[in-house]
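J.: Below is a structure I'd like to ask you about.
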Amino acid sequence: MHLSASTLSALPPSVAGPDRRPAAVGIVHLGLGAFHRAHQVAYTDDALLHAGPRAAGMGICAVSLKTPGARDRLAPQDGLYTLIEKSPEGVRRRVLGSLVEVRFLGEERHEVHSRLAARETAIVSLTITEKGYGHDPATGALNPAHPEIAPDLADPAHPGSAVGLIAAALDARRLSHGTPFTVLCCDNLPHNGKLVRGLVLEFARRRDEALAHWIDRHVTFPSTMVDRIVPATTDADIAENDAALGLIDAAPVVCEPFRQWVIEDAFVAGRPPWEAAGAELVDDVAPFEAMKLRLLNGSHSALAYLGYLAGHEFIYQVASEPAFATFMRALMGEAVPTLRVPASVNLSAYRETLAKRFVNPALPHRTKQIAMDGSQKLPQRLLGTVRDSLAAGRPITRLALAVAAWMRYVGGRDESGRAIDVADPLASTFASIADAHRGDAAAHARALLGVTAVFGDDLPQDPRFTRPVTAWLEALHAHGATRTVRDCNARP
């Protein structure tokens, strides 16, 4: 039997089922990926226990924008799936139920638009990754020539991008019932609410100034900080889960027990009581966001690039190596002075928690998965810290090595000369640069520093940044990642 609403009663006692299922959709989520299903859906399931009359509008309709695979796995299961939490202490399985509808834009455009335009939809949330917003990562501005944005500007009635979909839905609502919704970005972008607001407004201005004015007056874009490690689900995970359930589940998600969600409390049309499920509703997300991006995500990316170059397949393997663990702690040490966190936050305890999470062997998070889309991630995870450190005259020794490791990685060849499958929107640009400068690390560094979409106009002109990055890239080519990390650790 397959997991579905009709087979929930067949779950074994060791697997918890959803305590409640919402009666109606009130949230449309763009980006039907594993992170959303391990994070926001889990919070919503837990919040249902405390929702009272509000439970009716807490159902989620999740929309896949790119491929039908997730829709095709989840729809026959009535949106149900298993959340598998893994830690050294064991495995916990629960079936989540607040995802009540799944759609694929490519085949269900009318249904998706109807959901977005419906008066009952109070929140449109997003996890489409950094590269899904059609913006310039270095500046945060909308890129009107982006391959997903340009067609939507030319034909706004048939949008394919998240920004285009949101603008079209808000226009339909403005012209019909006049009720706005809240746009809730849950991607790892600095000031993500403000950034998405700017993108939607700029897109709207290019369509209709009146639409932009209405959005500016009526729609809210709260910022958020999300945190949970969610590696790709493997065939072995699926087989083990089917055996544990006694049912076939085509769409389980694996994650760590830890989770965190900090949300700016600025909702224009109501929201679930996520705080009852452990979310933190605050006036200002920025300090939490910077802490997570610069400590967790920055370290994660650095370990991914250096670890992959050193021959490690999984993050826990890299983080368990003493030399890399020492480097990671020192990298966090360079980032800490750039943070301004509330007095209630214990940064030392937070850093120790991160170190323990990274070495969780029950969670095999692949280095190449973290290494994806680095051109979109570097500005937020590392380069913002670099800029703040340089402005304050503080050292960037470890930060520079992390950037150099990314450069070595996107060069497309590992330390044994084998090809690296560089998954990045700018992969063809990086391949051309590498081919033109193969064997000349300094020239390779100069060419990559010239990619303004990543580094902007300022950093390539600052020798305090370019010199150490170039030197570390030369060291990585000459000595490899492991020795270079050890040499870095020997520096003050």
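FYI, it's all coordinate maths here, none of it is from the lab. All values derive from a computational prediction rather than experimental measurement. With ideal geometry, Cβ positions are generated from the backbone for all residues, glycine too; neighbour counts draw on all protein chains shown.
J.: Step through the table entries K66/K377; K66/K86; K194/K368; K131/K194, compare each Cα-Cα distance with 24 Å, and write down the pairs that go over it.
T.: Beyond 24 Å between Cα atoms: K66/K86; K194/K368.
J.: Another question, then. Give me D for the stretch 286-489 in µm² s⁻¹, whole number, from Stokes-Einstein with Rh from the Kirkwood sum over alpha-carbon pairs, 37 °C and 0.692 mPa s.
T.: Calculated translational D: 195 µm²/s.
J.: Moving on to the next point. For T182, list long-range residues whose amide hydrogen, built 1.01 Å from N in the peptide plane, is under 5 Å from its own amide hydrogen.
T.: The list, which skips near neighbours in sequence, is I123, V124, V268, A269.
J.: What percent antiparallel are the DSSP beta bridges of the stretch 5-282, to the nearest 5? Show your work: numbers first, answer last.
T.: Numbers: 12 of 37 bridges.
Roughly 30 percent of the DSSP beta bridges within the stretch 5-282 come out antiparallel.
J.: How much of the DSSP bridge set in the chain is antiparallel, in percent, rounded to the nearest 5?
T.: That works out to approximately 35 percent antiparallel.
J.: I'd like the GluC sites (Glu not before Pro) in the stretch 261-362 restricted to DSSP loop residues with at most 16 other Cβ atoms within 10 Å, sorted by number.
T.: Listed in order of number, the matching sites are E313.
J.: Express in nm, to one decimal, how much length is gained between F258 and Q461 on full extension, taking 0.36 nm for each residue of separation and deducting their alpha carbon distance.
T.: 69.0 nm
J.: Once the Cβ-Cβ distance between A150 and T234 is put in as r, and R0 is 35 Å, what FRET efficiency do you end up with, to the nearest 0.05?
T.: 0.40
J.: Please order T44, T7 by the number of other Cβ within 10 Å, starting at the fewest.
T.: The most exposed by this proxy come first: T7, T44.
J.: Taking the Cα-to-Cβ direction at A56 and at T353 and moving 7 Å from each Cα, how far apart do the two end points lie in nm?
T.: 3.7
J.: List Y305, Y316 from most exposed to least, where exposure is judged by having the fewest other Cβ atoms within 10 Å.
T.: On the way: Y305 27, Y316 19.
Exposure proxy ranking, most exposed first: Y316, Y305.
J.: Let me check against my output: what whole-number percent is the relative contact order of the stretch 158-236, with C-alpha pairs under 8 Å and at least 6 apart?
T.: On the way: 75 pairs, mean separation 28.3, N = 79.
Over the stretch 158-236, the number comes to 36 percent.
J.: Let me ask something additional. With a ≥ b ≥ c the root eigenvalues of the C-alpha gyration tensor of the stretch 448-487, is it rounded (a/c under 1.5), prolate (a/b larger than b/c) or oblate? Mind dumping the intermediate values first?
T.: On the way: a/c = 3.33, a/b = 2.32, b/c = 1.43.
Prolate, since a/c reaches 1.5 and a/b exceeds b/c.
J.: Rg and Dmax of the chain, using alpha carbons, in Å: what are they?
T.: 22.7, 66
J.: Share of Cα-Cα pairs in the stretch 217-295 beyond 18 Å, in percent?
T.: Counting pairs separated by more than 18 Å, the tail of P(r) holds 58 percent.
J.: State the three equivalent ellipsoid semi-axes of the stretch 13-99, derived from the C-alpha gyration tensor as the square roots of 5 times its eigenvalues, in descending order and whole Å.
T.: 20, 19, 11
J.: Given the peptides 140-151, 62-73, arrange them by the average over their residues of other C-beta atoms within 10 Å, most packed first.
T.: Descending packing order for the listed peptides: 62-73, 140-151.
J.: Find the eigenvalues of the gyration tensor of the Cα atoms of the stretch 5-282, then list the square roots of 5 times those eigenvalues as equivalent ellipsoid semi-axes, largest first, in whole angstrom.
T.: 32, 19, 18
J.: How big, on average over all directions, is the shadow cast by the Cα convex hull of the stretch 291-341, in nm²?
T.: On the way: hull surface 13.2 nm².
If you wrap the Cα atoms of the stretch 291-341 in a convex hull and average its projections, you get 3.3 nm².
J.: Shifting gears a bit: With a cut-off of at most 15 other beta carbons within 10 Å, and DSSP calling the residue loop, which GluC sites (Glu not before Pro) in the stretch 1-106 qualify? Please list them.
T.: Taking the stretch 1-106 and a limit of 15 other Cβ atoms within 10 Å, the loop GluC sites (Glu not before Pro) found are E89.
J.: Kindly provide the trypsin sites (Lys or Arg not before Pro) of the stretch 310-416 that DSSP labels as loop, not H, G, I, E or B, and whose Cβ sees at most 12 other Cβ atoms within 10 Å. Please report the intermediate quantities before stating the final value.
T.: Working: sites: R329, R340, R351, K356, R357, R366, K368, K377, R381, R387, R398, R408, R413; in loops: R340.
Loop-located and lightly packed - R340.
J.: Turning to a different aspect of this structure: For the chain, what does -39500 (n - 2.57) per DSSP helix run (n ≥ 4), summed and divided by total residues, give at 222 nm, in deg cm²/dmol to the nearest 500?
T.: -12500 deg cm²/dmol
J.: Give me the number: length gained by fully extending D440 to D421, i.e. 0.36 nm times residue separation minus the C-alpha to C-alpha distance, one decimal in nm.
T.: Extra length from D440 to D421 when fully extended: 4.7 nm.
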